[in-house]
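Following: one structure in C-alpha cells, then a few remarks.
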Amino acid sequence: MAVVEKRAQYSSAPQLRSARWRRREIIDAYIFISPTVIGLLVFLLGPIVASAFLSFTEYNILNDPRWIGMRNYTKLFQDDLFWQALRVSVIYAVVSVPLGLALSLFAAILLNQKFRGVTALRAIYYMPSIISGVAVAMLWRWLFNSQFGMINILLGYVGIQGPMWLTDERWALPAVIIASLWGLGGAMLIFLAGLQGIPGELYEAAEIDGANHVSQFRHITLPMISHVTFFNLVLGIIGALQLFTDAYVMTGGGPNNATLFLSLYLYRNAFLYLNMGYASAMAWIIFAIVLVLTLVVFKSSPLWVYYESEKRGSS
C-alpha cells in the first residue's frame, strides 16, 4: 500500500510543478502588461470618459463642472466660427489628401527603380517625415515670409511677384497645404513596400500582350496596390481633420480665421477661453466626423480595393 501511495505522489509531482509554472507564467504576463494597461486606463480611457462627461457641463477649470445637458452641442451648431473651422478643415482635407497620395505614389514609383544610390535616396525622401512638426512649421514659416523668404526670392528671380503668403487670406491656406507635402516620406515608404510586392510576372505577361506603361500602371499597378492606397487614404483623412501644429505655428489660425482648423479652434476654447465643456463637445463632434468619414471609406472599399487572397478564395 505504501509503495502505491509513493508511486501516486511521484506521478502527480510533475503535474503540480506544471501547474505552478503555468500560474507563474500568468502572473509574469500580468506584471509585464500592467504598465501598458495602467497607462491605457489612466491616460487614454480615463480622459475619454472625462471629456464625454464634461461635454454636457459648463466647466472652466476654476469652478466645479455644472451640468447643462445638450446646451454645448446646440451652441456648437450655432457657432459661425465652428462652421468656418469645419469649412477650412474640409477644404484642406479635400486638397491635401489626394495631392499627397498622388505625389507619394509618384515618388515611390521613381524610387522603385534599380539604379546606383537608390537606397540613399529612399532614406533622404523618408527623413523629413520623422522631423519634429514644430521645427518643420518654423522652417516653412521662414520660407513663406513675404519679405525675405526663400520662396518669394526664387520667384523674383524668374520675374514673378510673390504673394503675401501667410498674411493674405487667399494664400494662407494654400501655404499650409504646400507645407503639408513635406512629410510625404511615410506614405511613400508604404507605397514602395506595396509596389515591391507586385509579382513581376504580371508585367512580363502584359508586355507580351502589347500593353504599354500607361496600361500596365492602370490595370496592374493601381489594382495591386489598392489596399495600400486604402490604408494611406484612411490615415490621410484622420490626419488632415486633426491638423494643429502647422496652423498654430505658421499662422495661428489667421489671417481673419482663414486657417482656423477644427483642432486649433478646439485649443482656443479649451486653453485660451477655458471653456472646457464646450471644447469637449467639439472634440466629440470632430471624433464623430472622422468616424463617419472613415466608415464611408471602409464601406466603399469593396468597390475599389483588391485583395489577392480574397480573389484566390473566391476562385
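I need the helices (runs of 4 or more DSSP H) fully contained in segment 204-306, keeping only those with at least 2 residues that are among the β-branched types (Val, Ile, Thr).
Details: elements: 213-216, 226-241, 245-250, 262-267, 276-304.
Result: 226-241, 245-250, 276-304.
Can you name every one of the helices (runs of 4 or more DSSP H) wholly within segment 9-113 that holds 3 or more residues which are at pLDDT 90 or above and more than 23 Å from residue 262 (Cβ to Cβ)?
So the answer is 80-111.
For the structure I just gave you, tell me whether residue 152 is without any contact (Cβ under 8 Å) to a residue 60 or more places away in the chain, buried (at least 18 other Cβ atoms within 10 Å of the Cβ) and part of a loop (DSSP other than H, G, I, E, B).
When the stated conditions are applied, residue 152 does not pass them.
If we scan segment 111-119, do we find a residue that is in the same structural domain as residue 244 (by TED's automatic domain parsing), small (Gly, Ala, Ser) and surrounded by fewer than 11 Cβ atoms within 10 Å (Cβ to Cβ)?
yes
In segment 198-216, which residues are of a type outside the set (S, T, N, Q) and in contact (Cβ under 8 Å) with a residue 12 or more places away in the chain?
Matches in segment 198-216: 198, 202, 203, 206.
One line per residue, one yes/no per condition, for (1) hydrophobic (A, V, I, L, M, F, W, C); (2) modelled with pLDDT of 90 or more; (3) under 15 Å from residue 301 (Cβ atoms); (4) surrounded by 12 or more Cβ atoms within 10 Å (Cβ to Cβ):
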position	(1), (2), (3), (4)
196	no, yes, no, no
211	yes, no, no, yes
215	no, yes, no, yes
230	yes, yes, yes, yes
237	yes, yes, yes, yes
240	yes, yes, no, yes
244	yes, yes, no, yes
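If I filter segment 78-86 for residues that are within 30 Å of residue 226 (Cβ to Cβ) and touching a helix residue (DSSP H, G or I) at 6+ places or on another chain (Cβ under 7 Å), do I get at least one hit?
yes
Suppose we filter 253, 236, 277 for residues that are among the small types (Gly, Ala, Ser) and within 18 Å of residue 87 (Cβ to Cβ); which single one remains?
Values: 236 fails: within 18 Å of residue 87 (Cβ to Cβ); 277 fails: within 18 Å of residue 87 (Cβ to Cβ).
Among 253, 236, 277, only 253 is among the small types (Gly, Ala, Ser) and within 18 Å of residue 87 (Cβ to Cβ).
May I ask you to say which residue of 251, 229, 245, 294 is of a type in the set (Val, Ile, Thr) and within 13 Å of residue 88 (Cβ to Cβ)?
251
For segment 62-75, which residues satisfy the criterion of being within 30 Å of the chain's Cα centre (by Cα) and within 14 Å of residue 273 (Cβ to Cβ)?
The answer is 72, 75.
Has segment 80-88 got at least one residue that is out of contact with any His (no Cβ under 9 Å at 6 or more places or on another chain), exposed (fewer than 11 other Cβ atoms within 10 Å of the Cβ) and in the same structural domain as residue 230 (by TED's automatic domain parsing)?
yes
Looking for whichever is crowded, with 17+ Cβ neighbours inside 10 Å, over 26 Å from residue 295 (Cβ atoms) and at pLDDT below 95 here; the options are 181, 173, 189, 202. Which one fits?
Checking each option against the conditions leaves just 189.
The values are calculated or read from the model by the stated rules, or taken from the named source; none is laboratory data. None of these values were measured; they are calculated from a predicted model. Cβ coordinates were reconstructed from backbone atoms using ideal geometry, including for glycine residues, and neighbour counts include every protein chain displayed.
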